[in-house]
1. Checking the conditions here, which among Val381, Val359, Val406, Val335 is within 22 Å of Thr284 (Cα to Cα) and surrounded by fewer than 19 Cβ atoms within 10 Å (Cβ to Cβ)?
2. Taking segment 174-194 on its own, how many of its residues are modelled with pLDDT under 90 and within 28 Å of Gly146 (Cβ to Cβ)?
3. Tell me, which residue of segment 301-326 that is touching a Leu at 6+ places or on another chain (Cβ under 8 Å) and among the small types (Gly, Ala, Ser) is surrounded by the fewest Cβ atoms within 10 Å (Cβ to Cβ)?
4. Going through Leu40, Leu61, Leu5, Leu45 one at a time, which residue ends up being hydrophobic (A, V, I, L, M, F, W, C) and in a loop (DSSP other than H, G, I, E, B)?
5. For segment 409-419, name all the residues that are buried (at least 17 other Cβ atoms within 10 Å of the Cβ) and either under 21 Å from Leu384 (Cβ atoms) or at pLDDT 90 or above (or both).
6. Output the residues belonging to segment 390-403 that are under 19 Å from the mean Cα position of the chain (by Cα) and either surrounded by fewer than 17 Cβ atoms within 10 Å (Cβ to Cβ) or in a helix (DSSP H, G or I) (or both).
7. Condition test on Ile426, is it buried (at least 22 other Cβ atoms within 10 Å of the Cβ), at pLDDT 85 or above and either outside any helix (DSSP H, G or I) or over 21 Å from the mean Cα position of the chain (by Cα) (or both)?
8. Answer yes or no: is there a residue in segment 201-215 that is of a type outside the set (Ser, Thr, Tyr), in contact with a Gly (Cβ under 8 Å, 6 or more places away or on another chain) and either touching a residue at least 40 places away in the same chain (Cβ under 8 Å) or over 30 Å from Trp405 (Cβ atoms) (or both).
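The values are calculated or read from the model by the stated rules, or taken from the named source; none is laboratory data. Note that the coordinates shown come from a computational prediction; the quantities given were computed from them, not determined experimentally. No Cβ is skipped: glycine too gets one built from the backbone with ideal geometry, and neighbour counts run over all protein chains shown.
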Amino acid sequence: MFTHLTKEFSYNWKLAYPVIMGMLGHTFVGLVDNIMVGQLGSAELAAVSLGNSFLFIAMSLGIGFSTAITPLVAEADSENDFKKGKSAFKHGLFLCIVLSLLLYVLILLAKPLMYFMKQPEEVVVLAMPYLNIVAISLIPLIIFQGFKQFSDGLSLTKHAMYATIFANILNVAFNYVLIFGKFGFPKLGIIGAGIGTLISRLAMIIIIWFLLKNHKKAHAFVSGVKLFVLDNSMLKKIINLGLPSALQMFFEVAIFTAAIWLSGALGKNAQAANQIALNLSSMTFMIAMGLSVTAMIRVGNQKGLKNYVELQRIAKSIFLMGILFASFFALLFLVFHDVFPTFYLDLKDINNYLDNQEVVAIASKLLLVAALFQISDSIQVVFLGALRGLQDVKIPTLMTFISYWVIGFPTSYFLGQEDVYGSTGIWIGLLVGLGSASIFLYLRFIYLTNRLIQTHNIS
């Protein structure tokens, strides 16, 4: 019955797994960071969560914008148009550099907002110096994304994986040494985590540039790049694709960030629990993100070939893979919802025993809700990738805004009140938002591809 879809699984996975491994590397480091910081106490864990919430918003805009590079390069690659591919890379990289600097300044300007967000005072005091350091890492991260999205567009998905894995090993090592003051280094606490993150993201740029420079296919693209010799038409094309894509990612990340802030209003324990559930959910989301990139690449290739029947079939095969993975993770969260949170905290810490027990109890309930939105989260992100491959970005942007901010956020806000459902209510709102997005984006993709097939008289 599904043979016409399952036969694509092998090639889909070949493209997806390096992306997934790279992204999981990021998330795994976040997991290790949280576990390390969690040993310091729930206030420190909440502070990292609060500091990162500002960073995540900026990252979403930068990473979302960089995704414009991939479909343009993938389309040029399928057309064997080297000049077009190199132009897309050069202009995309230039815009990533400019955007990274602007977003860094924006974070610095936004820092004082922490004092007006009804967050626990001790958490704000700890978060401020952490954010000062980790904000700098935003610049190399977004520049790295420019290289990564270009590499993905050429179907060279392993290069970013290698760079990410190596950099993340560095991150874990430096975090351990600097957080706890090992091997003669000073004990810096959460500031040490920020320094480790910065070092690793600088390493990522160096590694991926070296790998691409020494790759036969990519060498000509990344050599002799004249960053300041620009073509207005290509700049406009990337901005027209990148800006809506940035807003799409912003709307989704921002609602999860809002969940952090709403949780903070309930207290440090609720915020720490939210961070645990968010970190675990992020790990499973990386699988879907890898499949989303695969959809963007393969749909972009088929668009270049104008083979719209194949385009739709391939997208559906990636969608099916996403459903299967999501179902597995949903089951995992349901079975181990009360076990996973215990990995993050020192339950033998007598001084923080009651706080830690409360954090675990709240996080366990949140994972039950997270189990439910695994499937809808996978659907929405895969079809968002497929639509980017079609270079359809404006209508999906409106759809994501309505889903997350007209439907999802009000639900989170009202159900998340302390006298209603508290933290669980916040995450029910996330479930509703993701569910809405998955329906809208699926219908949009089917409508567009059916229209393309009919228009070109392909049966």
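1. On the way: Val381 fails: surrounded by fewer than 19 Cβ atoms within 10 Å (Cβ to Cβ); Val359 fails: surrounded by fewer than 19 Cβ atoms within 10 Å (Cβ to Cβ); Val406 fails: within 22 Å of Thr284 (Cα to Cα).
That would be Val335, the only listed residue that is within 22 Å of Thr284 (Cα to Cα) and surrounded by fewer than 19 Cβ atoms within 10 Å (Cβ to Cβ).
2. 3
3. Only one residue fits best here, namely Ser317.
4. Going through Leu40, Leu61, Leu5, Leu45 in turn, just one is hydrophobic (A, V, I, L, M, F, W, C) and in a loop (DSSP other than H, G, I, E, B): Leu40.
5. Result: Phe409, Thr411, Ser412, Leu415.
6. Pro396, Thr397, Met399, Thr400, Phe401, Ser403
7. no
8. Pass one, segment 201-215, residues of a type outside the set (Ser, Thr, Tyr): 201-215.
After this cut, where a residue has to be in contact with a Gly (Cβ under 8 Å, 6 or more places away or on another chain) as well, the list is none.
Looking through segment 201-215, none of the residues is of a type outside the set (Ser, Thr, Tyr), in contact with a Gly (Cβ under 8 Å, 6 or more places away or on another chain) and either touching a residue at least 40 places away in the same chain (Cβ under 8 Å) or over 30 Å from Trp405 (Cβ atoms) (or both).
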